[in-house]
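Please read the structure below before turning to the comments.
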Amino acid sequence: MDDLLAEFVAETREMLEALESEIVAWEQVPGDKARLDAIFRFVHTVKGNCGFFDLPRLAKLSHAAESALAEVRAGRRQPDSALVDAVLATIDRIVAMVDALEAGQDYPEGGDDALMAALEPSNDDGGEAAALRAQSVDKGQANSPGRDGPRSIRLPVELLDRVMSGVSDMVLARNELARRLRDYGVEPTIDGPFERLSAVLDDVRDGITRMRMQRIEHLFNAFPRLVRDLSAELGKQVLIDVEGGEVELDREMVEMIRDPLTHIIRNAVDHGFETPAERIAAGKREIGLLHISARQSGNRILIAVSDDGRGIDTGKLADKAVASKIASRAEIAAMDEDEKLALIFEPGISTAAAVTSISGRGVGMDVVRANIERVGGTIDVTSAPGKGTRILLFLPLTLSIIPALTIECCGQRYAIPRSYIEEIIHSRSGSAELVQMGDAWLATVRGERIRCLTLAAVFGIDQQSGPQRATLILVRLAGGDFFALAVDRVLDHEELVIKPLAPAVMATGLYAGTSLLDDGSPVLMLDIAGIARKHDLISDVHRRVRRELPGLEHAVSAENGVPVLLFTGLDSRRRAVRLDVVNRVDKVEPTSVTLTDDGARIVLDDKVFPLAGVNRGAVPEGRFPILRLSDGKCELAYAVQAIADSAQIDGEISPAARAGEIEGIALVEGEPVEVLDCHWLFASEQRGSAVLNPATCRFDGNDPWLDTILRPLAESAGYRVVSDETQHADVVITTNGLGDGAGSDADGAGNRIRVVSDPDIAGREAGTIYRYDRAGLLAALAQARMGRVA
Amino acid sequence: MSELLLLARIAGRRIAFRALDVNSVVEIDTLTPVPGTPSFVSGLAALRSRALTVIDSAKALELEQATTGLEAIVTEHDGHLYALQVEAVEDVAEALSEPQDVRGSVGPGWEHAARGMVESSAGPILLLDAGAIIAGPAHSALRAA
């Protein structure tokens, strides 16, 4: 294919990708001028481009669509559903032709005339156009090759992986070299170049990681169309609402979740939503709402698919389970709702009464779950009868780098994927009570009994000693099962590049892979699911085990802890911020930061945001992470040294002594952590934008208290303090008595605030404020400023 | 035939591996044990930022005495790197013949890894297959059955 033609194909694809959601939006509101224009532009551009190539069929089709849309734009024709269908069918045909063009094949003859006829105004046979469309969709799906992002080059994922693992190896080799250099003492002639190499390598690694990242939009953009086509076919009305398309995740991960997500959406449209008539009968809006959202929380991505359909019928599910011999009647009877709901993940279950063409092709939620788990994710389903269903997917950001917790057992270090870890309990702390049942141990955590395995016993090293003096790691398996793993010590959080193990080691079923720690020593990653399976804690018996722990999931979720993100500030102190306000985490260049007198600013995506956190340490020299915090309306950035982890604050936050960036101190995993005061942060940044034209304030009197103590308060309230008595001041603050100051007229000041050191006087005399009545002072200052504006 | 052989000693006996199969010879100083594995797997070691699975050759051959030496032969098998611990690595010699059957058995344990006798510039020597050692004794039990 010649280059120009390839360019044409790529450009058409690019426009189409942008257009996908527009098309559906336009269909819902055919009168929407902006959307109409976008679609018009598309066919117009295609038509124009066809002129350069010898593509008569494409040219004809796009011309017909263009003329029809032009009529609509000119108001001479109403965009009825027949027209919409015809236009969409034409676009589909264009796509199919472009695909064929790229593959170097000839698109099958015929059918074009029918499409063009459907575009004609006289045609009122909507059914025909719809049929044409369905037909062309089928064809399109049959031979459409996998499409790529806009203007991208295609690379085999293996190549990316090879480069990635090469870079990871380089990092490890660098670490080893660094260690040796340290051992042999400092050699300045080597140190400089090594530092440079090291910095470059970090940059490259960052780049490679991002090379693998893709906006989830690429996946989401196809969903409106999918839902539209499905609901049209099934006679349902579904409105799709997609959110969080800007979240980025590993390219390969995007591919891996494409099918599971598509399946979940098909399920929702097919089984979840009622027909419009049923919905009205149930007192709901006839149009169902499908909400798909993606959110990054810490180093995990949360994807939620929720519908407001009929919910999952657990009774039916249970009957099905009995019919397909997944569970016995007695077992079902002992299950609570959540357990019954979890049956949906059992192989061979489908709640659809009839197998439709959309879902129920024998691909069930068990396959979806298996696929999600294969990439290290978990899936969770909640449902309320008659109200809807919500499916939550938790996914790791990347496939090859796994966040892990390193632990010690019998003098050796091991790693556990962090995704499994629910909680860490020190058995000495008394929050877990341990009892022995035969040879087994049970831990009682908040009233729930949890099977406890000692890692040393799992390894067969030490069968005797119990978990009494150990640290318990509460592990949650994908199916929702819990167990506790007793280890000697919890060491550290690490991001590990996991490599496969030799078959002889894999055969133990205890390990999932290996990685090299920074000091060059190998560490084994435990296969938590494998260990659980070995000890009969999941699979066939998992319902039984789950029943042993009734309500545990509730107990954990009912803790009502505050989810927070732990990080290290620029001053190297450990802090936490409420996860809810964290929009996302970005890495930025120091050059994007501007330090100004009234705080720092940062340029992100061509917008200027206030940057907090920099007053606690110098701006780093290399790229550094920032937290993007949002209160729903405003966004600000907070500079940090490193992101540590997400955690929960279960206890109280003991308030800080004074108002400021820190709300208070909380205990996270037994260590005190400062919690950011988001209210204060946003409040002060709002102020930041208001100080562009600061009001002025002058202190009257020689009391050093004014300058040292009051000045920061006045400044934080948005005042510029002037000392020149001849200058105009919007407000004058004085400590002098009522009688001995000059009159307010002489100052040329609009306002006068008198502060006194005796609260009694402040209570007695109007216009005076006790010097530590912060609220009073701020109110007076604010009022004075209001006065100025007025 | 001018194939090179690496001569080593396992449990007091002189043996040879094909030099083509050998990546390098290393000294294993720190070993990370891997609980739960068969005893012939000594553990993991790091070599140039790659993890090696360390195999005790003597135990893999089900010989009485365990390997005591520090030296190990690094070989790649099915995409994984292994280090075969041997008593000592002795020399490199040129093979002067194709492997020939040794009359009768070379003894239990040796049998499944032995590829025959090779005449070399250092005299006749038993040629062992690294892959068979890596597979371990379980493999030999299967073969016997």
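The values are calculated or read from the model by the stated rules, or taken from the named source; none is laboratory data. Quantities reported herein were computed from a predicted structural model and do not represent experimental measurements. All Cβ positions, even for glycine, are placed from backbone atoms using ideal geometry, and neighbour counts span all protein chains on display.
Structure data summary
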quantity: Flag for A:D650 being of a type in the set (D, E, K, R) and surrounded by fewer than 16 Cβ atoms within 10 Å (Cβ to Cβ); calculated: yes
quantity: First in the range A:371-382 and part of a helix (DSSP H, G or I), second anywhere and hydroxyl-bearing (S, T, Y), Cβ under 8 Å, 6 or more apart; calculated: A:I372/A:T378
quantity: In the range B:70-123, residue nearest to the chain's Cα centre (by Cα) [restricted to those that are in a loop (DSSP other than H, G, I, E, B) and within 16 Å of B:A60 (Cα to Cα)]; calculated: B:V86
quantity: Total residues in the range A:383-422, condition in a strand (DSSP E or B) and either more than 20 Å from A:L496 (Cα to Cα) or among the polar types (S, T, N, Q) (or both); calculated: 10
quantity: Search result, residues across the range A:444-462 that are within 14 Å of chain B (Cβ to nearest Cβ) and in contact (Cβ under 8 Å) with a residue 24 or more places away in the chain; calculated: A:L453, A:T454, A:L455, A:A456, A:V458, A:F459, A:I461, A:D462
quantity: A:L405 being modelled with pLDDT under 70, at negative phi and either touching a helix residue (DSSP H, G or I) at 6+ places or on another chain (Cβ under 8 Å) or exposed (fewer than 14 other Cβ atoms within 10 Å of the Cβ) (or both); calculated: no
quantity: Listing of strands (runs of 3 or more DSSP E) fully contained in the range A:248-319 that carry 3 or more residues being crowded, with 23+ Cβ neighbours inside 10 Å; calculated: A:288-297, A:300-307
quantity: The lone exception for B:E3 - which of (1) more than 10 Å from chain A (Cβ to nearest Cβ); (2) under 16 Å from the mean Cα position of the chain (by Cα) it fails; calculated: (2)
quantity: Count of residues meeting criterion [under 30 Å from A:A717 (Cβ atoms) and part of a loop (DSSP other than H, G, I, E, B)] in the range A:670-679; calculated: 1
quantity: Residues of the range A:17-37 classified as more than 18 Å from A:I240 (Cβ to Cβ) and surrounded by 15 or more Cβ atoms within 10 Å (Cβ to Cβ), total; calculated: 2
quantity: Among the candidates A:T514, A:T508, residue that is assigned to a strand (DSSP E or B) and within 14 Å of chain B (Cβ to nearest Cβ); calculated: A:T514
quantity: Some residue of the range B:72-83 being of a type in the set (S, T, N, Q) and within 14 Å of chain A (Cβ to nearest Cβ); calculated: yes
quantity: Filtered residue count, the range A:1-17, keeping only those that are touching a residue at least 40 places away in the same chain (Cβ under 8 Å) and not polar (S, T, N, Q); calculated: 11
quantity: Members of the range A:185-203 that are surrounded by 14 or more Cβ atoms within 10 Å (Cβ to Cβ) and closer than 22 Å to A:L159 by Cα; calculated: A:L201, A:D202
quantity: Tabulated pairs, the range B:36-64, first more than 12 Å from chain A (Cβ to nearest Cβ), second of a type in the set (S, T, N, Q) and part of a strand (DSSP E or B), C-beta under 6 angstrom, 6+ apart or interchain; calculated: B:S57/B:Q85
quantity: Residues satisfying the stated conditions in the range A:408-428, i.e. closer than 26 Å to B:L44 by Cβ and either among the acidic types (D, E) or within 14 Å of chain B (Cβ to nearest Cβ) (or both); calculated: A:E408, A:C409, A:C410, A:G411, A:Q412, A:R413, A:Y414, A:A415
quantity: Residues of the range A:470-505 satisfying the condition of being facing another protein chain (nearest Cβ under 10 Å), assigned to a loop (DSSP other than H, G, I, E, B) and crowded, with 22+ Cβ neighbours inside 10 Å; calculated: A:L501, A:A502
quantity: Complete set of residues in the range B:10-28 that are more than 17 Å from B:E119 (Cα to Cα) and either within 11 Å of chain A (Cβ to nearest Cβ) or assigned to a strand (DSSP E or B) (or both); calculated: B:I10, B:V22, B:N23, B:S24, B:V25, B:V26, B:E27
